[in-house]
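*Asks:* Have a look at this one before I ask anything.
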Amino acid sequence: MNLNRLDPELLQLNLVGDDERGYDFVDDTLVLELKRLRPEHGMLSVYLDITPETLASRPAMTRFKQGIEAIRERHAEAWNHEQKTTFEQVARDLGERLEKLLARPRGKGLALFAAPARVLPKKEKVDYAIFCSFHLPHPPADRIEWGDAPVLAPLLVQRDESPRTGVVLFDRERLRPFLAFMGEVAAYDLVLRNDDPVPLTKSHSWHGYGEHNHQQWQEEHYRRYLRQAALAVEKLAQAGDWKWLVLASPDRQEAEHLREQLPAAWRERVIGSVALPMEADLNGVRDAVLPVIAEAERREERQTLERWQGEVERPEGLGVAGLADTLLAVEEYRVQTLVADEGFTHKGWQCEDCGGLVADLMEEPPAECPWCSSTALRELPDIVGEMAVLVMASGGDVEIVHDPDNRRLIGEHGRIGGILRF
C-alpha cells in the first residue's frame with residue numbers, strides 16, 4: 001500500500017449501526033444532497049427532542065401529531081385537493097415510520113426528512129425522492145414544517161459543532177480506522193496489516209546467538225510497522241479532517257507505542273485511549289469512545305466560554321452578549337465564534353426582499369425591515385438557528401453550550417453572544 005497517496009476510495013465510510021435501528025450517518029454527501037434538493041411535491045422536515053425526561057412528560061408522537069395539525073390549519077385554504085392528498089399520505093407514512101424509530105430511540109434528538117416523488121392513495125403508498133433519518137447527539141427544539149425545501153439549520157448547527165474524531169483500533173497484527181461524528185461511528189474501508197506479527201515463542205525460537213538476532217529482527221520489524229501505522233493515521237487524519245484522535249487497543253501499551261510514533265502535532269490531539277477487542281463492532285466502538293469525546297468537548301466548551309466572557313467584560317473587548325446585539329454583529333459578519341445556550345430559542349423575522357434577519361425580545365414583528373425598509377417580513381420559529389447558519393457561512397464557528405455549569409455562566413449574559421473578528 002502506498003501510504004504517501006491514499007486512494008480516495010479507501011476513505012469511503014460504511015453506514016453505521018444495525019439495520020433494525022435504521023439511522024443514517026451524517027456524511028457530507030448526504031447533507032449536500034439535502035441542500036440542493038428542491039422537491040416538486042413538497043417536503044416534510046421533522047425535529048424532535050427524544051431525551052428520556054421529555055418523552056416521559058410529552059410523548060414524541062403527540063408532539064408530532066400536534067405539529068401535523070398545525071400545518072393542516074396553516075395551509076387549509078391555500079392547498080388544492082392534490083396537495084392535501086400528498087401531505088396527508090406523507091404525514092401518515094412518516095408517522096408509522098416514526099413509531100418504529102421511537103421503539104428503539106438513541107441519542108437526544110431525532111431529525112427526519114421526507115420528500116415524496118409519487119403518492120399512490122389507493123395503495124396507501126409513498127415513493128420518496130429522498131427519505132433519511134438522523135439521530136442527534138443533542139436535543140433540538142421541536143420543529144415540524146412542510147415546504148419546498150428542507151429545514152436544515154438545526155442539523156447544520158449540530159454537524160458544525162460536532163468534532164470529527166478519528167478512532168484507531170490497533171494491535172501488532174492490524175490497524176482499523178473509524179470516524180466518530182455526531183454521536184455515531186463509521187468505519188473506513190481500510191485495514192493496515194503487519195505481514196509478520198507473530199512474536200518469538202518457544203515453539204519456533206532459535207537458540208543462542210541466532211535467537212538474539214531473531215528477537216532484534218522482530219523488534220525492528222515491529223518498529224517499522226509502527227512507523228507505517230503512524231503514517232497511515234496522519235494521512236487519514238488529514239484527508240478525513242479529524243480534529244481529535246482516540247486510540248484503542250486490546251492492550252493499552254500497544255496504543256501508547258503508536259502514540260509515541262505520531263508526529264508531535266497529532267500526539268497533542270490524542271484525547272484519550274480505550275481498551276477494545278480488535279473484533280469490536282461499530283456499536284461497541286461508539287459506546288467506548290463517546291464518553292472520551294464528551295469530556296474533551298466539555299473542556300473545550302469551558303475554554304471558549306471563558307475567552308468570550310473575558311472579551312465581554314474587557315473594555316472595548318471583542319465580545320458581544322444578548323440577542324439584539326449579537327444578531328446585529330452576525331448581520332455585519334463580525335462574529336467569529338457564536339456561543340448560545342442549548343435551550344435558547346427565540347422567534348424572529350426574515351426580510352423576503354433583502355434576506356436580513358430581525359429579532360429582539362419583542363413578540364410582534366417590526367413595522368419594516370431595518371436594513372431595506374421592506375414590509376415583507378416572514379416569521380421564523382428559531383432565529384438562533386438561522387444566526388448559526390449565517391455565522392458558519394461566513395467562515396465562523398458555533399459553540400452550543402450543553403454542560404450545566406457552563407449554561408449557568410452563559411445565562412448570566414443573555415444566553416447568547418459572540419467573539420468578534422473586529
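The values are calculated or read from the model by the stated rules, or taken from the named source; none is laboratory data. Here the structure is a predicted model, which is why all the values come from computation and not from measurement. Virtual Cβ from ideal backbone geometry, glycine too; neighbours counted across all protein chains shown.
*Asks:* In this structure, is Gly310 modelled with pLDDT of 95 or more, among the small types (Gly, Ala, Ser) and not assigned by TED's automatic domain parsing to the domain that holds Val157? Full working, then the answer.
*Replies:* On the way: modelled with pLDDT of 95 or more: yes; among the small types (Gly, Ala, Ser): yes; not assigned by TED's automatic domain parsing to the domain that holds Val157: yes.
Against the criterion (modelled with pLDDT of 95 or more, among the small types (Gly, Ala, Ser) and not assigned by TED's automatic domain parsing to the domain that holds Val157), Gly310 qualifies.
*Asks:* Something else: Name the residues in segment 34-77 that are touching a strand residue (DSSP E or B) at 6+ places or on another chain (Cβ under 7 Å), assigned to a helix (DSSP H, G or I) and of a type in the set (D, E, K, R), would you? Show your work before the answer.
*Replies:* Going through segment 34-77, the residues touching a strand residue (DSSP E or B) at 6+ places or on another chain (Cβ under 7 Å) turn out to be 34, 37, 39, 41-50, 60, 63-64, 67-68, 71.
With assigned to a helix (DSSP H, G or I) added as a condition, the list becomes 34, 60, 63-64, 67-68, 71.
Across segment 34-77, the qualifying residue is only Arg63.
*Asks:* State yes or no: is Val90 within 18 Å of Ile68 (Cα to Cα) and in a strand (DSSP E or B)?
*Replies:* On the way: within 18 Å of Ile68 (Cα to Cα): yes; in a strand (DSSP E or B): no.
For Val90, the condition - within 18 Å of Ile68 (Cα to Cα) and in a strand (DSSP E or B) - is not met.
Conditions (1) exposed (fewer than 14 other Cβ atoms within 10 Å of the Cβ); (2) of a type outside the set (Ser, Thr, Tyr), marked per residue:
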{"site": "Tyr333", "(1), (2)": "no, no"}
{"site": "Glu368", "(1), (2)": "no, yes"}
{"site": "Glu379", "(1), (2)": "yes, yes"}
{"site": "Asp382", "(1), (2)": "no, yes"}
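*Asks:* Out of all the residues in segment 371-394, which are within 16 Å of Arg334 (Cβ to Cβ) and without any contact (Cβ under 8 Å) to a residue 24 or more places away in the chain?
*Replies:* Matches in segment 371-394: Ala393 only.
*Asks:* Of the residues Leu190, Leu169, only one is over 21 Å from Ala264 (Cα atoms), of a type outside the set (Ser, Thr, Tyr) and either modelled with pLDDT under 90 or surrounded by 15 or more Cβ atoms within 10 Å (Cβ to Cβ) (or both); which?
*Replies:* Numbers: Leu169 fails: over 21 Å from Ala264 (Cα atoms).
Only one candidate qualifies: Leu190.
*Asks:* From the list Lys65, Lys108, Lys35, which residue is on the phi < 0 side of the Ramachandran plot, more than 22 Å from the chain's Cα centre (by Cα) and not assigned by TED's automatic domain parsing to the domain that holds Ala340?
*Replies:* Result of the check over Lys65, Lys108, Lys35: Lys65.
*Asks:* So, in segment 277-319, of the ones that are among the small types (Gly, Ala, Ser) and more than 23 Å from Lys243 (Cβ to Cβ), which residue ends up surrounded by the most Cβ atoms within 10 Å (Cβ to Cβ)?
*Replies:* Applying the filter and picking the extreme gives Gly319.
*Asks:* Kindly check whether there is at least one residue in segment 213-226 that is touching a residue at least 24 places away in the same chain (Cβ under 8 Å), among the hydrophobic types (A, V, I, L, M, F, W, C) and either surrounded by fewer than 15 Cβ atoms within 10 Å (Cβ to Cβ) or assigned by TED's automatic domain parsing to the domain that holds Arg193 (or both).
*Replies:* Yes, segment 213-226 contains a residue that is touching a residue at least 24 places away in the same chain (Cβ under 8 Å), among the hydrophobic types (A, V, I, L, M, F, W, C) and either surrounded by fewer than 15 Cβ atoms within 10 Å (Cβ to Cβ) or assigned by TED's automatic domain parsing to the domain that holds Arg193 (or both).
*Asks:* So, one more: Please go through segment 232-255 and give me each residue that is touching a residue at least 12 places away in the same chain (Cβ under 8 Å) and out of contact with any helix residue (DSSP H, G or I) (no Cβ under 8 Å at 6 or more places or on another chain), ordered by number. Please lay out each step first, then the result.
*Replies:* Here is the first cut: in segment 232-255, the residues touching a residue at least 12 places away in the same chain (Cβ under 8 Å) are 232-237, 239-252, 254-255.
Hits for segment 232-255 are Ala232, Lys235, Asp241, Lys243, Pro250, Asp251, Arg252, Glu254, Ala255.
*Asks:* Still on this structure: Only one of (1) in the same structural domain as Arg267 (by TED's automatic domain parsing); (2) of a type outside the set (Ser, Thr, Tyr); (3) part of a loop (DSSP other than H, G, I, E, B) fails for Ala149. Which number is that?
*Replies:* Every condition holds for Ala149 apart from (1).
*Asks:* In the list Ala70, Ala114, Ala76, Ala91, which residue meets the criterion of being of a type outside the set (Lys, Arg), within 15 Å of Val151 (Cβ to Cβ) and either more than 23 Å from the chain's Cα centre (by Cα) or not assigned by TED's automatic domain parsing to the domain that holds Pro139 (or both)? Before you say what the answer is, go through the steps one by one.
*Replies:* Numbers: Ala114 fails: either more than 23 Å from the chain's Cα centre (by Cα) or not assigned by TED's automatic domain parsing to the domain that holds Pro139 (or both); Ala76 fails: within 15 Å of Val151 (Cβ to Cβ); Ala91 fails: within 15 Å of Val151 (Cβ to Cβ).
Residue meeting the stated conditions: Ala70.
*Asks:* Does Trp266 satisfy being over 23 Å from Asp27 (Cα atoms) and crowded, with 18+ Cβ neighbours inside 10 Å? Step through it out loud before you land on a result.
*Replies:* Working: over 23 Å from Asp27 (Cα atoms): yes; crowded, with 18+ Cβ neighbours inside 10 Å: yes.
Here the answer is yes, as Trp266 does meet what is asked.
*Asks:* For Ser373, indicate whether it is hydroxyl-bearing (Ser, Thr, Tyr) and more than 25 Å from His138 (Cα to Cα). Give the steps one after another, and end with the answer.
*Replies:* Details: hydroxyl-bearing (Ser, Thr, Tyr): yes; more than 25 Å from His138 (Cα to Cα): yes.
Here the answer is yes, as Ser373 does meet what is asked.
*Asks:* Which of the strands (runs of 3 or more DSSP E) found entirely inside segment 345-422 contain at least 2 residues meeting this: at pLDDT below 95 and assigned by TED's automatic domain parsing to the domain that holds Pro315?
*Replies:* Fully inside segment 345-422 and qualifying: 348-351, 377-380, 397-401.
*Asks:* Being of a type in the set (Val, Ile, Thr), over 25 Å from Leu155 (Cβ atoms), free of Cβ contacts under 8 Å to residues at least 40 places away in the same chain and surrounded by fewer than 19 Cβ atoms within 10 Å (Cβ to Cβ), is that true of even one residue in segment 82-96?
*Replies:* Scanning segment 82-96 turns up at least one residue that is of a type in the set (Val, Ile, Thr), over 25 Å from Leu155 (Cβ atoms), free of Cβ contacts under 8 Å to residues at least 40 places away in the same chain and surrounded by fewer than 19 Cβ atoms within 10 Å (Cβ to Cβ).
*Asks:* Would you mind finding the one in Glu161, Glu99 that is at pLDDT 90 or above and more than 30 Å from Leu226 (Cβ to Cβ)?
*Replies:* Working: Glu161 fails: at pLDDT 90 or above.
None of the other options fit; the residue is Glu99.
*Asks:* Which residue pairs have Cβ atoms closer than 7 Å, lie 6 or more positions apart in sequence or on different chains, and pair a first residue in segment 256-285 that is without any contact (Cβ under 8 Å) to a residue 12 or more places away in the chain with a second residue that is surrounded by 16 or more Cβ atoms within 10 Å (Cβ to Cβ)?
*Replies:* Pairs that qualify, where the first residue is without any contact (Cβ under 8 Å) to a residue 12 or more places away in the chain and the partner is surrounded by 16 or more Cβ atoms within 10 Å (Cβ to Cβ), are Arg267/Arg259; Gly284/Leu276.
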